[in-house]
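To keep things clear, I will list the structure first and then write my remarks on it.
The values are calculated or read from the model by the stated rules, or taken from the named source; none is laboratory data. Not measured: the values here are computed from a predicted model. As a convention, Cβ positions derive from the backbone with ideal geometry for all residues, glycine included, and neighbour counts pool all protein chains shown.
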C-alpha cells in the first residue's frame with residue numbers, strides 16, 4: 001500500500017503544482033487586464049488583445065488598467081473609428097472603450113464600471129441611430145454576463161475563470177506567442193482597433209450582411225418606434241454623473257452611410273430621419289445645462305446626415321477590390337472620418353451639427369434634402385438599395 005500512497009501523494013502534488021503554475025502564468029500574463037498582480041508583466045502590454053469572444057471582459061480590464069483622463073464609449077463605430085491619441089485630447093490620456101455591437105445598456109454598464117475607479121476630465125458617449133427608439137435586448141450573446149460589467153453572477157466563479165480558466169490560459173498563451181513574434185495585438189493599449197481592412201468585395205458584403213442587418217434594425221424600429229424609457233434614463237444618469245463630478249460630456253449621434261439612412265425611408269419607417277432620437281438627446285442636454293449652469297455644458301453633436309463624407313457613391317460593380325471612400329461598410333467609418341468627428345472636441349471643422357431643441361425641425365429638413373439629393377445624383381445606388389431590400393422583403397413573405 002505504501003507505493004500506492006506515494007504515487008497518490010506525488011500525483012496530488014503534481015496536480016497542485018500544475019494548478020498553481022497555471023494561476024501564476026495567467027496572472028503574470030494577465031491577458032484581459034482583469035487580474036493585475038505585483039508580478040504581472042508590463043512588457044506584455046502591447047500584446048494583450050481585446051479578444052472577440054471576451055471583448056467585454058477585456059475592455060472592462062482596460063477601463064481600470066491605468067489612470068485615464070478621458071474615455072470614449074459606444075459601439076464598434078467607436079472601437080474602429082475614434083482614435084484616443086487624437087490631438088483634440090490635448091495631452092489627456094484617453095482610452096477607447098467602444099464595444100462591438102454594444103448599445104446603450106452595455107455602454108451604461110461600462111461607464112459605471114469606469115467611473116467608479118476613475119476621475120476623468122472628458123467623456124465622449126457615442127449613440128447609434130435608433131438605439132433610443134428600440135427596446136432593450138432580451139438576450140445577450142456576448143461575454144457580458146461573464147465580465148466584471150455584469151451585476152449578477154458569482155464573483156468567485158468569475159475570479160476562478162480569470163485565473164485558472166481554460167479560456168484565460170488560451171488567451172495567455174496567445175499573448176505570449178504574439179510577444180515572441182513581436183506582433184502587437186489588433187488593438188492598441190488604449191483600446192483602439194488597428195488598421196481595420198476593407199472587405200475584398202464590398203458591394204456584395206453590403207448587399208448581403210449589412211443590408212440584412214439594416215432591414216432587421218428598420219423592422220425593429222418600425223415595430224417599436226417610441227423612446228425606450230429605460231434607455232433615456234441611462235443617458236440621463238450618465239449626464240447627471242458627469243455634471244455632478246465636473247466632467248465635460250460630449251454626446252455623438254454617430255454617422256452611417258447615406259444608403260443606410262435611405263433604407264429606413266424606403267421601408268416606409270414613420271420616423272426615417274430619427275427625429276425622436278435627436279429631439280430626446282437635445283432636450284436631455286438642454287435640461288441638464290439649465291439645471292446646472294455652473295457645470296461643464298453637455299454637448300450633442302449630430303453626424304448622421306448626407307454630408308459629403310457620409311455619401312460617397314458605391315464602387316463600380318465590376319471592380320471587386322474598390323470600396324466606398326472613407327467607409328468599411330454602411331455602418332463603420334474609417335478613422336479618417338472619425339478624426340473629423342473628434343475635431344469637434346476642440347471646436348474646429350465643419351462636419352457635424354450641434355443639436356438644440358430649437359434646431360431639430362430645420363436639422364431634419366436639411367438631412368432629408370441631403371439624402372434626396374444623394375438619391376438623385378446616384379440613381380444606380382438607389383436601384384442597388386431597392387433591389388437588396390426587395391430581396392429581403394421577399395424572404396419575409398410566406
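So the values come out like this:
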read-out: Residue satisfying condition, being part of a helix (DSSP H, G or I), crowded, with 20+ Cβ neighbours inside 10 Å and touching a residue at least 24 places away in the same chain (Cβ under 8 Å), within set 309, 304; value: 309
read-out: Residue 323 crowded, with 20+ Cβ neighbours inside 10 Å and within 28 Å of residue 219 (Cβ to Cβ); value: yes
read-out: Criterion: closer than 29 Å to residue 205 by Cα and part of a helix (DSSP H, G or I) - qualifying residue of 314, 259; value: 259
read-out: Meets criteria (in contact (Cβ under 8 Å) with a residue 60 or more places away in the chain, surrounded by fewer than 20 Cβ atoms within 10 Å (Cβ to Cβ) and touching a helix residue (DSSP H, G or I) at 6+ places or on another chain (Cβ under 9 Å)) for residue 136; value: yes
read-out: Hits in segment 146-175 - residues which are modelled with pLDDT of 90 or more and surrounded by fewer than 16 Cβ atoms within 10 Å (Cβ to Cβ); value: 170, 173
read-out: Of the criteria (1) exposed (fewer than 14 other Cβ atoms within 10 Å of the Cβ); (2) at pLDDT 95 or above; (3) closer than 30 Å to residue 290 by Cβ; (4) touching a helix residue (DSSP H, G or I) at 6+ places or on another chain (Cβ under 9 Å), which one residue 365 fails; value: (4)
read-out: Residue list for segment 63-91, restricted to those being in contact with a strand residue (DSSP E or B) (Cβ under 6 Å, 6 or more places away or on another chain) and either exposed (fewer than 15 other Cβ atoms within 10 Å of the Cβ) or over 16 Å from residue 250 (Cβ atoms) (or both); value: 79, 80
read-out: Residue count, segment 320-347 (criterion: under 20 Å from residue 259 (Cβ atoms) and part of a loop (DSSP other than H, G, I, E, B)); value: 13
read-out: Qualifying residue in segment 35-47 (condition: buried (at least 24 other Cβ atoms within 10 Å of the Cβ) and at pLDDT 95 or above); value: no
read-out: Options 74, 81; residue that is on the phi > 0 side of the Ramachandran plot and modelled with pLDDT of 95 or more; value: 74
read-out: Subset tally (residues that are surrounded by fewer than 20 Cβ atoms within 10 Å (Cβ to Cβ) and either modelled with pLDDT under 95 or under 24 Å from residue 275 (Cα atoms) (or both)) for segment 333-350; value: 5
read-out: Hits in segment 368-386 (condition: in a loop (DSSP other than H, G, I, E, B) and in contact with a helix residue (DSSP H, G or I) (Cβ under 7 Å, 6 or more places away or on another chain)); value: none
read-out: Condition met for residue 99 (touching a strand residue (DSSP E or B) at 6+ places or on another chain (Cβ under 9 Å), surrounded by 15 or more Cβ atoms within 10 Å (Cβ to Cβ), more than 22 Å from residue 196 (Cβ to Cβ) and modelled with pLDDT of 95 or more); value: no
